[in-house]
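*Asks:* Mind looking over this structure? Questions follow.
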Amino acid sequence: MTTFVDRVELHVAAGNGGHGCASVHREKFKPLGGPDGGNGGRGGDVILVVDQSVTTLLDYHHSPHRKATNGKPGEGGNRSGKDGQDLILPVPDGTVVLDGKGNVLADLVGHGTSYVAAEGGRGGLGNAALASARRKAPGFALLGEPGRSGDIVLELKTVADVALVGYPSAGKSSLISVLSAAKPKIADYPFTTLVPNLGVVTAGSTVYTIADVPGLIPGASQGRGLGLEFLRHVERCSVLVHVLDTATLESDRDPVTDLDVIEEELSQYGGLDDRPRIVVLNKIDIPDGKDLAEMIRPDLEARGYRVFEVSAVAHMGLKELSFALAEIVAQARAAKPKEEATRIVIRPKAVDDAGFTVTLEEDGLYRVRGEKPERWVRQTDFNNDEAVGYLADRLNRLGVEDQLMKAGARAGDGVAIGPEEDAVVFDWEPTMMAGAEMLGRRGEDHRMEAPRPAAQRRKDRQAERDEADREFDGFDPF
């Protein structure tokens with residue numbers, strides 16, 4: 001059974017915003033007490049958070065679909081809907097978030113680092129929030145905005161100071177087991193190590209992490225063996241340690257050739273040329289291994305490598321190696337630029353930036369793109385004429401009509417608001433009052449102007465009495 005997964009495709013969906021409520025306060029002797037519809041709640045976000053206790057993406061491999069909760073709709077009595085609950089997804093330290101095209105969206109390093117993978121939709125405003133001096137009792141409310149959704153790719157890149165690389169069965173797992181408290185699986189057959197192993201090493205006052213990367217073979221950078229799947233785990237390391245087997249039983253292999261092959265694979269993978277290298281000649285407890293190590297050491301040192309002869313089984317040469325690695329790690333940490341507090345940069349929009357664009361497409365359709373108009377369209381109930389009129393008012397105030405005129409649009413031309421796959425298309429009228437002119441003066445609710453039945457009955461009775469009085473005054477009994 002798979003227990004380690006370092007790459008998954010995850011489908012995330014944020015919660016939808018709750019719809020606003022259109023309600024009128026009703027009370028005895030107050031048949032039309034004014035609008036009291038509450039706002040809808042905000043949809044929950046999907047948030048990735050680095051958790052040190054998580055070491056694999058296995059949970060998302062088994063359950064790749066994750067969705068946050070929706071916001072609740074508003075209610076009468078000025079009661080707003082409850083916000084949706086954010087969905088927190090813990091990920092390992094060193095997780096890289098990519099989109100479907102391979103573009104990096106976030107690099108999550110450090111405990112508590114977070115990234116909003118999908119943002120919840122806004123809640124719709126109730127008619128109480130939409131009321132104004134001109135529109136005293138709106139008969140509509142705004143719809144909740146749909147939450148964002150999409151596919152993302154999570155890739156785990158191990159965060160370690162030292163990476164052990166080499167052929168399968170070169171002794172990397174044995175070396176990490178004696179340098180640290182890690183207990184990896186160890187055997188004498190190739191590809192014993194199927195997942196990266198991490199260990200913590202203390203050398204004097206320096207504490208660093210060391211990673212055992214699954215064995216590489218020729219062609220690993222092109223997908224052979226396990227190398228391509230795990231080469232990404234050496235990207236974050238400060239130093240590369242070549243573990244060479246000086247007692248190999250394969251007649252067509254020797255430590256120098258193994259080193260050249262691994263270096264070629266690292267070069268093909270790319271991005272690792274600037275990392276310092278150390279060569280470890282392992283298994284010197286075997287007589288033939290000791291002799292071979294002494295023979296090839298001068299050649300390796302002539303190439304500029306620092307060489308250490310060790311035996312993981314006999315615990316020979318480990319202290320010198322550990323302190324040498326600690327020295328390089330300390331130098332790498334000192335060379336890193338100091339982290340500065342995040343500076344808040346405010347970039348105000350240009351004075352003439354309307355926040356939307358109008359373009360003429362090849363088929364003669366005018367397309368309006370922008371955050372505000374697209375959001376307003378999503379929140380409009382097109383089954384309600386008053387809501388459509390309110391949308392027309394907002395678009396007109398934003399300047400959409402002026403921009404359409406400047407772009408050459410004429411009455412009857414097709415206009416689309418939004419992207420091609422999810423747009424609202426209509427025939428444009430220059431006054432932008434399509435559907436709204438049926439409401440009389442825009443911004444007013446005719447229900448507030450309608451005469452109340454009791455008052456009308458009193459007026460009718462008074463009119464009858466006045467008519468009777470006039471008839472009596474004109475009556476002459478003689």
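*Asks:* Can you tell which of ARG297, ARG333, ARG303, ARG277 is among the basic types (Lys, Arg) and open to solvent by less than 50 Å² (accessible area, probe 1.4 Å)?
*Replies:* Criteria check complete, one pass: ARG277.
*Asks:* Is it true that VAL261 is within 27 Å of LYS157 (Cα to Cα), of a type in the set (A, V, I, L, M), open to solvent by 20 Å² or more (accessible area, probe 1.4 Å) and in a helix (DSSP H, G or I)?
*Replies:* yes
*Asks:* Something else now. Based on this model, can you work out whether VAL213 counts as closer than 19 Å to VAL279 by Cα, in contact with a His (Cβ under 7 Å, 6 or more places away or on another chain), at pLDDT 70 or above and not hydroxyl-bearing (Ser, Thr, Tyr)?
*Replies:* Taking the combined requirement at face value, the residue satisfies it.
*Asks:* Then there's this: Take region 41-88 and flag every residue that is acidic (Asp, Glu) and either crowded, with 24+ Cβ neighbours inside 10 Å or closer than 18 Å to ALA106 by Cβ (or both).
*Replies:* Listed by number, the residues that qualify are ASP45, ASP51, ASP86.
*Asks:* Right, another one. With a cut-off of at least 1 residues that are under 30 Å from ILE328 (Cβ atoms), name the strands (runs of 3 or more DSSP E) lying wholly within region 89-180.
*Replies:* 95-98, 104-108, 149-156, 162-165
*Asks:* Working carefully through the options VAL50, VAL91, VAL97, find the one that is closer than 29 Å to VAL213 by Cα and touching a His at 6+ places or on another chain (Cβ under 8 Å). Walk me through it before giving the result.
*Replies:* On the way: VAL91 fails: touching a His at 6+ places or on another chain (Cβ under 8 Å); VAL97 fails: touching a His at 6+ places or on another chain (Cβ under 8 Å).
Checking each option against the conditions leaves just VAL50.
*Asks:* Looking at (1) of a type outside the set (Asp, Glu); (2) over 25 Å from ASP273 (Cα atoms); (3) modelled with pLDDT of 85 or more; (4) open to solvent by 90 Å² or more (accessible area, probe 1.4 Å), which one does SER311 not meet, given that it meets all the others?
*Replies:* For SER311, the failing item is (4).
*Asks:* Exactly one condition in (1) touching a Ser or Thr at 6+ places or on another chain (Cβ under 7 Å); (2) within 30 Å of LYS157 (Cα to Cα) is false for LEU57; which is it?
*Replies:* Condition not satisfied by LEU57: (1).
*Asks:* In addition: Looking at region 139-166, which of its residues are hydrophobic (A, V, I, L, M, F, W, C), open to solvent by 30 Å² or more (accessible area, probe 1.4 Å) and either in contact with a helix residue (DSSP H, G or I) (Cβ under 7 Å, 6 or more places away or on another chain) or within 30 Å of SER23 (Cα to Cα) (or both)?
*Replies:* The answer is LEU143, and nothing else.
*Asks:* For region 383-403: of the residues being farther than 20 Å from LYS136 by Cα and in contact (Cβ under 8 Å) with a residue 24 or more places away in the chain, which is surrounded by the fewest Cβ atoms within 10 Å (Cβ to Cβ)?
*Replies:* GLY399
*Asks:* Then there's this: Tell me yes or no: at least one residue of region 430-446 is modelled with pLDDT of 55 or more and of a type outside the set (Lys, Arg).
*Replies:* yes
*Asks:* With (1) in a loop (DSSP other than H, G, I, E, B); (2) over 14 Å from the mean Cα position of the chain (by Cα); (3) not β-branched (Val, Ile, Thr) as the list, and GLY44 as the residue in question, which single condition is left unmet?
*Replies:* The number of the failed condition is (2).
*Asks:* Do we have GLY120 as crowded, with 23+ Cβ neighbours inside 10 Å and closer than 24 Å to ARG66 by Cβ here?
*Replies:* So GLY120 fits the description; yes.
The values are calculated or read from the model by the stated rules, or taken from the named source; none is laboratory data. What you see is a predicted model; the values in this text were computed from it and never measured. A quick note on method: Cβ atoms are made from the backbone with ideal geometry, for glycine too, and the neighbour counts reach across all protein chains shown. We work out accessible area using only protein heavy atoms, side chains counted, and drop any ligands, DNA or RNA first. Shrake-Rupley method; radii C 1.70, N 1.55, O 1.52, S 1.80 Å.
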